[in-house]
1. Is it true that some residue in segment 522-542 is in contact with a helix residue (DSSP H, G or I) (Cβ under 8 Å, 6 or more places away or on another chain), touching a residue at least 60 places away in the same chain (Cβ under 8 Å), under 24 Å from residue 271 (Cα atoms) and in the same structural domain as residue 426 (by TED's automatic domain parsing)?
2. How many residues does segment 364-379 contain that are crowded, with 16+ Cβ neighbours inside 10 Å, within 18 Å of residue 331 (Cβ to Cβ) and out of contact with any helix residue (DSSP H, G or I) (no Cβ under 6 Å at 6 or more places or on another chain)?
3. Looking at (1) within 30 Å of the chain's Cα centre (by Cα); (2) crowded, with 18+ Cβ neighbours inside 10 Å; (3) in a loop (DSSP other than H, G, I, E, B), can you tell me which one residue 432 breaks?
4. Does at least one position in segment 291-311 carry a residue that is without any contact (Cβ under 8 Å) to a residue 60 or more places away in the chain, assigned by TED's automatic domain parsing to the domain that holds residue 183 and more than 19 Å from residue 476 (Cα to Cα)?
5. Hey, can you tell me all the residues within segment 566-591 that are within 29 Å of residue 219 (Cβ to Cβ) and either part of a loop (DSSP other than H, G, I, E, B) or free of Cβ contacts under 8 Å to residues at least 12 places away in the same chain (or both)?
6. Hand me the list of strands (runs of 3 or more DSSP E) wholly inside segment 7-106 holding 2 or more residues that are at pLDDT 95 or above and surrounded by fewer than 21 Cβ atoms within 10 Å (Cβ to Cβ).
7. Please go through segment 467-521 and give me each residue that is assigned to a loop (DSSP other than H, G, I, E, B) and within 26 Å of the chain's Cα centre (by Cα), ordered by number.
8. Go through segment 469-525 residue by residue and tally those that are on the phi > 0 side of the Ramachandran plot and either surrounded by 16 or more Cβ atoms within 10 Å (Cβ to Cβ) or touching a strand residue (DSSP E or B) at 6+ places or on another chain (Cβ under 9 Å) (or both).
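The values are calculated or read from the model by the stated rules, or taken from the named source; none is laboratory data. None of the values given here were measured: they were computed from a predicted structure. Backbone-built Cβ (ideal geometry, glycine too); neighbour counts: all protein chains shown.
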């Protein structure tokens with residue numbers, strides 16, 4: 001949902017320039033053969049849900065594009081808190097206009113100078129507004145000043161040849177638009193979500209489909225409240241007298257149900273009825289609820305360094321689209337909402353589409369589906385950045401789980417059930433967090449983020465023997481666990497999901513000197529549905545090489561500073577026996 005903060009939008013930030021006035025001829029990002037284009041500010045009056053509001057946009061017209069020589073179009077909007085003018089958005093218009101595409105870049109509803117409330121990329125509101133911009137590109141309607149676009153390639157009367165690209169909030173809008181308007185021809189959503197219910201309060205067990213669980217998860221309070229404050233501050237950050245931007249005093253700039261959702265999450269109490277309503281709303285504005293209507297070819301790009309929208313969300317979207325026959329491919333790049341930019345990766349501020357793996361794939365995707373060059377190779381079904389070897393790894397599918405390790409009573413992680421020692425181990429939570437993975441807030445306000453840590457007595461860890469060869473893990477590990485917690489058992493059926501046991505699973509890389517690395521600072525929050533039964537935990541997807549001589553350490557912790565935790569003290573015991581113990585399964589690929 002990023003866009004306002006440099007840490008979040010970093011790789012997409014373009015060099016700041018003077019405000020654009022129409023028409024102004026520009027040369028785009030540095031390329032020797034960059035084509036000139038004009039930029040024209042436009043406004044559109046749209047019907048968005050139950051409101052009429054203005055959309056503020058910039059139209060990028062490449063030189064030579066006219067009715068006799070039409071060009072396909074690229075439509076894009078900002079990340080959360082941004083606008084058409086921030087570097088992460090106008091860079092898209094510039095990059096594609098200089099490559100011969102007509103660009104229409106706009107401020108999303110509730111941001112910049114566009115009107116209406118923030119409705120979290122709701123298809124019925126944000127998607128409908130984008131559909132009306134497609135009417136403009138299709139020659140069906142004009143901008144408020146009468147401007148028409150009669151130089152966009154048409155597949156039929158009123159049906160423009162158009163692709164969409166953008167990140168985070170500007171990624172989900174693509175899926176929302178394609179769900180309500182079949183005229184979209186190609187999508188490239190970057191670092192976006194599948195299910196906001198999972199993204200804001202993940203529960204990594206009991207998923208009925210993809211990442212979606214019917215039990216409210218563990219509130220990701222730092223990310224969620226950061227975006228809530230950015231959203232509520234929009235009228236102050238971007239003063240406007242437009243009444244369509246104002247809701248009510250206790251929910252100033254968001255749709256009412258969005259405010260109700262964040263307040264329920266912050267309350268720490270999730271009575272069954274309210275929790276069900278909260279999840280239903282979060283999912284109604286999420287791709288998980290409307291992907292069945294998305295038919296446009298979709299190139300999914302997700303970041304490995306991303307504690308907001310992890311790789312599991314992209315995988316859920318990818319598998320759903322592929323299963324229904326939508327042409328779909330997926331890339332796991334390095335950078336995401338949590339940073340992770342590496343040299344050579346896509347950076348629109350550098351205009352490096354031709355020289356980066358992701359950029360080349362985007363250009364090929366649009367060439368095939370917008371220019372209709374059917375001979376264009378759009379690349380492998382799945383590719384992933386790996387920091388231990390130059391270039392991207394490729395595969396026909398996301399790797400399957402293939403290697404099992406077992407939790408032993410002596411604290412070891414062993415490769416065979418026969419090596420499991422009988423025994424029991426216990427930890428307990430405190431009333432304050434005692435483990436740390438990452439802080440979503442500290443870097444945003446210039447504070448250092450401490451290294452990950454766990455406090456003795458509040459977690460359990462199991463370590464493997466030193467590896468005799470490198471181990472390459474690509475995908476989401478899974479762990480099957482059974483815990484004993486009499487205090488949690490007594491209250492877990494209270495009718496309030498917040499009474500259920502909360503724990504956090506994670507896997508460290510332990511170097512020969514004993515130092516530990518939590519890959520991309522990712523953890524797997526779990527609200528255990530029933531402590532009397534085994535449960536399976538899906539950990540966040542990673543791409544990581546555990547080097548020879550290193551050890552894997554699987555940890556379950558009582559808390560994490562980035563999330564809400566248990567209500568009350570709930571000691572946890574883990575029992576071990578060769579025939580009945582926890583199992584960690586890894587998606588391992590051949591070393592290379």
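1. So in segment 522-542, the residues in contact with a helix residue (DSSP H, G or I) (Cβ under 8 Å, 6 or more places away or on another chain) come out as 527-528, 531-532, 538, 540-542.
Remaining after also requiring touching a residue at least 60 places away in the same chain (Cβ under 8 Å): 527-528, 538, 540-542.
Still in the running and under 24 Å from residue 271 (Cα atoms): 527-528.
Remaining after also requiring in the same structural domain as residue 426 (by TED's automatic domain parsing): 527-528.
The answer is yes, given that some residue of segment 522-542 is in contact with a helix residue (DSSP H, G or I) (Cβ under 8 Å, 6 or more places away or on another chain), touching a residue at least 60 places away in the same chain (Cβ under 8 Å), under 24 Å from residue 271 (Cα atoms) and in the same structural domain as residue 426 (by TED's automatic domain parsing).
2. Here the count works out to 6.
3. (2)
4. Looking only at segment 291-311, we keep the residues that are without any contact (Cβ under 8 Å) to a residue 60 or more places away in the chain, and these are 292.
Narrowing further to those that are assigned by TED's automatic domain parsing to the domain that holds residue 183: 292.
With the extra rule that they be more than 19 Å from residue 476 (Cα to Cα), the set shrinks to 292.
Among the residues of segment 291-311, at least one is without any contact (Cβ under 8 Å) to a residue 60 or more places away in the chain, assigned by TED's automatic domain parsing to the domain that holds residue 183 and more than 19 Å from residue 476 (Cα to Cα), which makes the answer yes.
5. Initial filter on segment 566-591 (within 29 Å of residue 219 (Cβ to Cβ)): 566-574, 582-587.
Residues satisfying the conditions are 566, 567, 568, 569, 570, 571, 582, 587.
6. Working: elements: 24-27, 36-48, 51-62, 73-77, 102-106.
Here the list reads 36-48, 51-62.
7. Of the residues in segment 467-521, the ones assigned to a loop (DSSP other than H, G, I, E, B) are 467-470, 476-477, 482-483, 485, 492-495, 500-501, 511-515.
Within segment 467-521, 476, 477 qualify.
8. If we filter segment 469-525 for residues that are on the phi > 0 side of the Ramachandran plot, which is where we start, we get 475, 495, 514, 520-521.
Still in the running and either surrounded by 16 or more Cβ atoms within 10 Å (Cβ to Cβ) or touching a strand residue (DSSP E or B) at 6+ places or on another chain (Cβ under 9 Å) (or both): 475, 495, 520-521.
Residues meeting the conditions: 4.
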